[in-house]
Amino acid sequence: MANSLPRIESVTPPAAIPGGTLEIRGSSLAGTDYSQPSVEVGSLSAKLVVSASRRLVVNVPEEAESDAIKVFTAAGSSAPGQFSLGRQLANEVHPVANPVVDPSGNIITTFSGQRGKKVPVSIFKILPGGEVTAFLSGIINPTGLALKADGTLLVTSRHDGTVYAVSPNAEVEVFAEGMGVATGLAVDGSDNVYVGDRTGTVFKINPKREIFVYATLEPSVAAFHLAFSEREQLLYVSAPSTSSSEVVKRINGDGAVTTWWHGFGRPQGIAFDSRGRLHVCASFEGNRGIFRVTDAEADQADAGVEHVVSGHGIVGLAFAPDNSMVIATGSSIYRIPELP
């Protein structure tokens, strides 16, 4: 009997950046003559990792520019399957945490650099049309970024423990000092600012710029990444260490710390989308990329984790006004259209 044409039924996760891993489910994916199938993303050959009749695992080529994927066997070609491919907006940057997106759609990211080393440009701005511009120089090791409601950009420096306030015109002033190894940043709807000192402290700075120790945590080898849930009025914190099974903490208005989720490997940037769903840059159950916790108000027993973006080296993410996702790796910025 002649081989059946391969048929793609699903591609997961729904999005990837170049270098990420996709799982293809379907039928006749390896043919019936035990020959090796091949997979193309656009016109580029994708490396085959796992091959079975109903399941293939492939790596997205680094040069990929198309989000159409096909399987080829001795019997012929499948109809194209689809996924959302992250489009590179910038390279030769160096984020170590979340980028931010202002209300006009400008993406702001860092060149953090080696500890204690001054670089020519500290902060880059990517305009809505895609142009990458130098925005600010002079801050050593810029790390965390956050936007206040009035458009002021806050920047932490892990070099000197300072939080800087930057106007839209790139005028810089010291917002707060003495923040230890200052990394993560978050701002709530009441204009309180939260700063994560990776040696074990989360500070709260009120609108009068009075500084309080908000909570204490176990130190992190890398950073504290912060995200504030307006719906819950809770601060969420990830803090990568050397463990392969990390926790995401949450802190209530009284500064009480609880473990909310465990099982992520080296969680880094975290962010809420417009629907209040928490997204975590991490590894989970052998996969890498960005994971969505499907119910940010549930206890872990009732919540679930969905792998939404595959990719390696992802350190941060942010959501643009159009709900597209902006993704930061250690050297590049990508954008993925809004996901369901």
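The values are calculated or read from the model by the stated rules, or taken from the named source; none is laboratory data. Everything quoted here is computed from the prediction, not taken from an experiment. Every residue, glycine as well, gets a Cβ built from its backbone with ideal geometry; the counts of neighbours run over all protein chains shown.
Scanning for something farther than 23 Å from LEU147 by Cβ and either surrounded by fewer than 16 Cβ atoms within 10 Å (Cβ to Cβ) or assigned by TED's automatic domain parsing to the domain that holds PHE135 (or both), does segment 202-216 turn up at least one residue?
Yes: segment 202-216 contains one or more residues that are farther than 23 Å from LEU147 by Cβ and either surrounded by fewer than 16 Cβ atoms within 10 Å (Cβ to Cβ) or assigned by TED's automatic domain parsing to the domain that holds PHE135 (or both).
Of all residues in segment 228-256, how many are without any contact (Cβ under 8 Å) to a residue 40 or more places away in the chain and of a type in the set (Lys, Arg)?
Residues flagged as without any contact (Cβ under 8 Å) to a residue 40 or more places away in the chain and of a type in the set (Lys, Arg) within segment 228-256 amount to 2.
Considering only segment 13-36, how many residues are surrounded by 20 or more Cβ atoms within 10 Å (Cβ to Cβ), at pLDDT 95 or above and either assigned to a strand (DSSP E or B) or in contact with a Ser or Thr (Cβ under 6 Å, 6 or more places away or on another chain) (or both)?
7
Please verify whether segment 45-54 includes one or more residues that are touching a residue at least 40 places away in the same chain (Cβ under 8 Å) and not aromatic (Phe, Trp, Tyr).
no
Okay, residues lined up against (1) assigned to a strand (DSSP E or B); (2) of a type in the set (S, T, N, Q):
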residue: ALA134; (1), (2): yes, no
residue: GLY138; (1), (2): no, no
residue: ASP150; (1), (2): no, no
residue: ASN169; (1), (2): no, yes
residue: MET179; (1), (2): no, no
residue: ASP191; (1), (2): no, no
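Take the conditions in the same structural domain as THR143 (by TED's automatic domain parsing), buried (at least 17 other Cβ atoms within 10 Å of the Cβ) and within 24 Å of GLY311 (Cβ to Cβ) and apply them to VAL280. Does it pass?
Yes, satisfied.
Of all residues in segment 43-101, which are over 27 Å from ASP273 (Cβ atoms) and among the hydroxyl-bearing types (Ser, Thr, Tyr)?
Result: SER43, SER45, SER51, SER53, THR73, SER77, SER78.
Looking only at strands (runs of 3 or more DSSP E) that lie completely in segment 77-129, which have at least 2 residues being within 24 Å of ALA282 (Cβ to Cβ) and of a type outside the set (Val, Ile, Thr)?
87-91
Out of the residues in segment 287-328 that are polar (S, T, N, Q) and surrounded by fewer than 23 Cβ atoms within 10 Å (Cβ to Cβ), which is modelled with the lowest pLDDT?
Going through the qualifying residues, I end up with GLN300.
Is it the case that some residue within segment 53-64 is touching a Phe, Trp or Tyr at 6+ places or on another chain (Cβ under 7 Å), surrounded by 15 or more Cβ atoms within 10 Å (Cβ to Cβ) and not assigned by TED's automatic domain parsing to the domain that holds VAL308?
Scanning segment 53-64, I find no residue that is touching a Phe, Trp or Tyr at 6+ places or on another chain (Cβ under 7 Å), surrounded by 15 or more Cβ atoms within 10 Å (Cβ to Cβ) and not assigned by TED's automatic domain parsing to the domain that holds VAL308, so the answer is no.
From GLU338, GLU230, grab the single residue that is more than 24 Å from TYR194 (Cβ to Cβ) and among the acidic types (Asp, Glu).
Of the residues listed, the single one that is more than 24 Å from TYR194 (Cβ to Cβ) and among the acidic types (Asp, Glu) is GLU338.
Could you check segment 152-167 and list, in sequence order, the residues that are part of a loop (DSSP other than H, G, I, E, B) and surrounded by 14 or more Cβ atoms within 10 Å (Cβ to Cβ)?
Answer for segment 152-167, where residues must be part of a loop (DSSP other than H, G, I, E, B) and surrounded by 14 or more Cβ atoms within 10 Å (Cβ to Cβ): THR152, ARG158, HIS159, ASP160, GLY161, THR162.
Counting only residues that are modelled with pLDDT of 95 or more and either in a strand (DSSP E or B) or touching a strand residue (DSSP E or B) at 6+ places or on another chain (Cβ under 7 Å) (or both), which one in segment 229-248 is surrounded by the fewest Cβ atoms within 10 Å (Cβ to Cβ)?
SER229
LEU44 versus (1) of a type in the set (A, V, I, L, M, F, W, C); (2) over 30 Å from LEU127 (Cα atoms); (3) surrounded by fewer than 16 Cβ atoms within 10 Å (Cβ to Cβ); (4) at pLDDT 95 or above: which is the lone unmet condition?
The single condition LEU44 does not satisfy is (2).
Of all residues in segment 263-277, count the ones that are in a strand (DSSP E or B) and either at pLDDT 95 or above or closer than 19 Å to ALA215 by Cα (or both).
So the answer is 3.
Examine segment 145-153 for a residue that is touching a residue at least 24 places away in the same chain (Cβ under 8 Å), over 19 Å from ALA271 (Cα atoms) and either in contact with a strand residue (DSSP E or B) (Cβ under 7 Å, 6 or more places away or on another chain) or not assigned by TED's automatic domain parsing to the domain that holds ALA227 (or both), and state whether such a residue exists.
no
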